[in-house]
Amino acid sequence: MARLPALWSKRLARYGGRWALGLLLTLASVLYLLPLHIITSDSIERMDGFLSGLRMRIEQPRLDKRIVIVDIDEKSLALVGRFPWGRDVQANLVRQLTEHYQVGAVGFDVSFSEPDTSSGYAVLEQLSRRQLAGVPGLKEQLATLKPEMDYDGLFAEAMRGKPVVLGYNVSEKMKKGLLPAPAFTVASLNGRNLLAYEQQGYEANIARLQREAAGAGIFTTMADADGVIRSSALLYQIGDAYYPTLSLATAAVYLKARAIFPLFEKNVDQTSQAERESGDVDYVTLFLPKRNISIPVGEGMVAFVQFRGTGGPQGGAFRYVSAVDVLTGAAPAALFKDTVVLVGTTAPGINDLRVTPVSSTYPGVEVHANMIKSILDNDFKGHPPSGYVFEVLQALVFGLVLSFALALLSPLKSIALSLAALGAALALNFYMYYQLGAVLNAAAIVLLILALFVLNVAYGYFFEVRKSQALVSRFSQYVAPELVAEMADDPDQYNMDGESRELTVLFVDVRGFTTISEGLEPKALREYINLYLTAMSVDIRDSHQGTLDKYIGDAVMAFWGAPVAFADHASRAVATSLLMLASAARLNQQFVARGWPPLKIGIGLNTGIMHVGDMGSKIRQAYTVMGDAVNLGARLEGITKVYGVGIAVGQATRDGAPGFAYRELDRVRVKGKNIPVAIFEPLGADGTLDGAKLAELASWNAALALVRAQDWDRAHERIAALAAASPECVLYQLYLARIAAWRAHPPGPDWDGATSFDTK
């Protein structure tokens, strides 16, 4: 044993300098990856851009037949004439697409910000008033020709009532043309602040065209500092209104969206002033007739563009059809039926080629096509909110393993380990991209691995200890001290990363708390609620090792099974709920003795798959659970008031906690769910009920079976007898009233015995 300190002293003296260098390198990598912009590097960003393009180039494109690009290509320019074409040609193009080919929507990656005077009518009209004023019949002839020579009128007429979306550009100062109706306004945000790229000006389409179009979208592209387009803003702010981009507007028309609006996690009355002013929003939502599509966005309402193929007619992702073939009707009709059509150009002289991660000459129109495909598929890739955590943890893991191991290994083994780490980092990054849609930064990790190999440094044992202590310290506010000690023994088994697992959630609430709060002075109310919350928290956290989630006013939320996994989490939760009822009864005696309002609580329990982890915003996060199973638990707590019971649990909780006696209350169909759920009241642990209580339970079970068999007379007889023996039981009175209603209005032979609740 005496040799151990001496051995570490020798290693510290030998490797201490390299360990210090490794610490600095890993720390620098972490600071770069954190979204605090403490360390920035254009070189690393360019390398990440290269890797992003590599990921997309490796993925083989699949032709999407739903999206067709009508290409104003060199062939079209040679046969129709130089661009821009007259609006009479555009009118013919729209008629061909909407009437002959019957497309689902048309989006123009072209703006029409100036009136079309190419027909020469204005010149003829001026001559008729001046030089040719005396020519007989000239004015009458011009009046006859006007409808044919009014190209803007022809174009407007062709668009009327058709699913045509025009494009336009935004600018710094110029205000030109007529803006379309906005997606929404600042006023409709109800006081929230929404951060989007704000523009002062625009070059929109002329009014007579815009009024006849189904919509319009902004086709201005956004390039990164290196000039490469990797993302697209979905909404821009102009004045006090928000306007969609061409891809979003075209998809909305194609999908017949009722509205475009940002999706906020909370209602405005549930948010703090800081949350309302933050401007953060995770999704922009298309509200469709039968479903909604939520598009993940980052800062500035920007979405990642997933480029498919190398772009252009040979890129393989989208079908290109020459515009002249559409105008002449030579294109096969089967290519266009019910498709989204984007009208754009690949002709080099028109300057609509962009630099993207997959090509330096990528057609601008195909940028919009890629966004529309993602919207139609409801499949988006992007940097997830938790991506920074994953990247930082990845840097820490590789930094620790490599810096410690490389200092002790031989050169050949160091090379092998470094290459394996490099391959693993890239493989993991590509897997997250292809399988999970997560666009994560890889350059910093790759450079860290290479730097650690070159310098052969260790990140340090003591950092790992500090990380473990920080993790355990964070969990200590949620779980019992003995569980914290267990976690400290093996901290690698526990983290706050999001995951899905089966848990049991509990909600408890004070009945009539509004009345209680109105009847007590502030100081007494504070003592009242503190005594109640303390008793409930001790029962949850200390008695059966539950995880205390949060206080919601007078309500408490808790769960079992995370961060420490328990196979009997449902049983622990049921036992805790029974203990809480006993604690509430004990507190009630104290409160009544002090002249305070009586205490009565309702508890809801549910078991199921839930998302658990450190969740929240950049401002505040908490270790909590989310999911449908959680929502059902909250609604079961509210349902206890209806049945006059202290506890209501779902079927899954009853199945997971078999060591208790239960009374089935009903089958309920809660708001937002079509499938009914059986709910039960736990009465006590097996073996704790006396004979009279067991007999009452058996009689109730028989009565409930008669109710579901619609045998109203026998059911009424049994329940009336139970009610006579227990007149204080709300459940029996409830069912007697229901039987009377069912007799008057029979539910029918297809009745499933369920009660529907329309409120949360």
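For region 352-403, the set of residues classified as aromatic (Phe, Trp, Tyr) and touching a helix residue (DSSP H, G or I) at 6+ places or on another chain (Cβ under 7 Å) consists of 380, 388, 398, listed by residue number. Pairs meeting the criteria (first residue in region 515-534 and part of a helix (DSSP H, G or I), second residue exposed (fewer than 14 other Cβ atoms within 10 Å of the Cβ), beta carbons under 8 Å, at least 6 apart or on different chains) are 531/590; 533/551.
Within region 698-718, take every residue that is in a helix (DSSP H, G or I) and among the small types (Gly, Ala, Ser) and give me the one that is farthest from residue 735 (Cα to Cα). Among them, the one singled out is 698.
The numbered conditions (1) modelled with pLDDT of 85 or more; (2) surrounded by fewer than 17 Cβ atoms within 10 Å (Cβ to Cβ); (3) of a type in the set (Gly, Ala, Ser) are all true for residue 444 except (2). For region 274-291, filtered to residues that are over 11 Å from residue 261 (Cα atoms) and at pLDDT 85 or above, the residue that is surrounded by the most Cβ atoms within 10 Å (Cβ to Cβ) is 288. Taken over region 431-441, the criterion of being more than 9 Å from residue 381 (Cβ to Cβ) and surrounded by 17 or more Cβ atoms within 10 Å (Cβ to Cβ) is satisfied by 432, 440, 441. Quick one: is residue 102 in a loop (DSSP other than H, G, I, E, B), farther than 19 Å from residue 350 by Cα and touching a residue at least 40 places away in the same chain (Cβ under 8 Å)? Taking the combined requirement at face value, the residue satisfies it.
Residues in region 293-318 that are among the charged types (D, E, K, R) and either on the phi > 0 side of the Ramachandran plot or buried (at least 19 other Cβ atoms within 10 Å of the Cβ) (or both): 308 alone. A search for C-beta distances below 7 Å between a residue of region 52-70 that is more than 9 Å from residue 307 (Cβ to Cβ) and any residue that is assigned to a helix (DSSP H, G or I) and among the basic types (Lys, Arg), counting only pairs 6+ apart in sequence or on different chains, returns 64/373; 67/373. Comparison of 700, 712 shows that the only residue that is more than 44 Å from the chain's Cα centre (by Cα), within 29 Å of residue 504 (Cα to Cα) and touching a residue at least 24 places away in the same chain (Cβ under 8 Å) is 700. For region 725-746, a residue qualifies if it is over 12 Å from residue 696 (Cβ atoms) and either touching a Gly at 6+ places or on another chain (Cβ under 9 Å) or among the small types (Gly, Ala, Ser) (or both), and the qualifying residues are 728, 730, 733, 734, 737, 740, 741, 744. Within region 93-101, at least one residue is crowded, with 24+ Cβ neighbours inside 10 Å, in the same structural domain as residue 228 (by TED's automatic domain parsing) and either in contact with an Asp or Glu (Cβ under 8 Å, 6 or more places away or on another chain) or of a type outside the set (A, V, I, L, M, F, W, C) (or both). On the stretch given as region 669-697, residues that are over 25 Å from residue 758 (Cβ atoms) and outside any loop (DSSP other than H, G, I, E, B) total 11.
Please determine, by comparing only the residues of region 157-178 that are surrounded by fewer than 21 Cβ atoms within 10 Å (Cβ to Cβ) and of a type in the set (A, V, I, L, M), which one is nearest to the chain's Cα centre (by Cα). Of everything passing the filter in region 157-178, 178 is nearest to the chain's Cα centre (by Cα).
For region 365-395, a residue qualifies if it is closer than 30 Å to residue 451 by Cβ and not aliphatic (A, V, I, L, M), and the qualifying residues are 381, 382, 383, 384, 385, 386, 387, 388, 390, 391, 394. So which residues in region 68-84 are under 22 Å from residue 367 (Cβ atoms) and not in a strand (DSSP E or B)? Hits for region 68-84 are 72, 73, 74, 76, 77, 83, 84. Per the listing 553, 608, the residue uniquely within 20 Å of residue 508 (Cα to Cα), surrounded by fewer than 17 Cβ atoms within 10 Å (Cβ to Cβ) and not hydroxyl-bearing (Ser, Thr, Tyr) is 553. Within region 645-684, if we keep just the residues that are of a type in the set (S, T, N, Q) and farther than 22 Å from residue 696 by Cα, the residue that is surrounded by the most Cβ atoms within 10 Å (Cβ to Cβ) turns out to be 653. Restricting region 200-234 to residues that are closer than 29 Å to residue 52 by Cα and polar (S, T, N, Q) leaves a set whose member that is modelled with the lowest pLDDT is 221.
Counting only strands (runs of 3 or more DSSP E) that fall entirely inside region 568-668 and contain at least 1 residues that are outside the structural domain of residue 35 (by TED's automatic domain parsing) and touching a helix residue (DSSP H, G or I) at 6+ places or on another chain (Cβ under 6 Å), the qualifying elements are 601-616, 647-650. Where residues in region 93-117 are within 23 Å of residue 247 (Cα to Cα) and among the polar types (S, T, N, Q), which of them is farthest from the chain's Cα centre (by Cα)? This residue is 96.
Listed by first and then second residue, the pairs linking a residue in region 394-414 that is more than 19 Å from residue 33 (Cα to Cα) and free of Cβ contacts under 8 Å to residues at least 60 places away in the same chain to a residue that is aromatic (Phe, Trp, Tyr) and surrounded by 16 or more Cβ atoms within 10 Å (Cβ to Cβ), with Cβ atoms under 8 Å apart and 6 or more places separating them unless they lie on different chains, are 404/459; 406/453; 414/453. Filtering region 179-193 to residues that are under 11 Å from residue 241 (Cα atoms), surrounded by 13 or more Cβ atoms within 10 Å (Cβ to Cβ) and not polar (S, T, N, Q) leaves 179, 180, 182, 183, 184, 186, 189.
The values are calculated or read from the model by the stated rules, or taken from the named source; none is laboratory data. Quantities reported herein were computed from a predicted structural model and do not represent experimental measurements. Cβ coordinates were reconstructed from backbone atoms using ideal geometry, including for glycine residues, and neighbour counts include every protein chain displayed.
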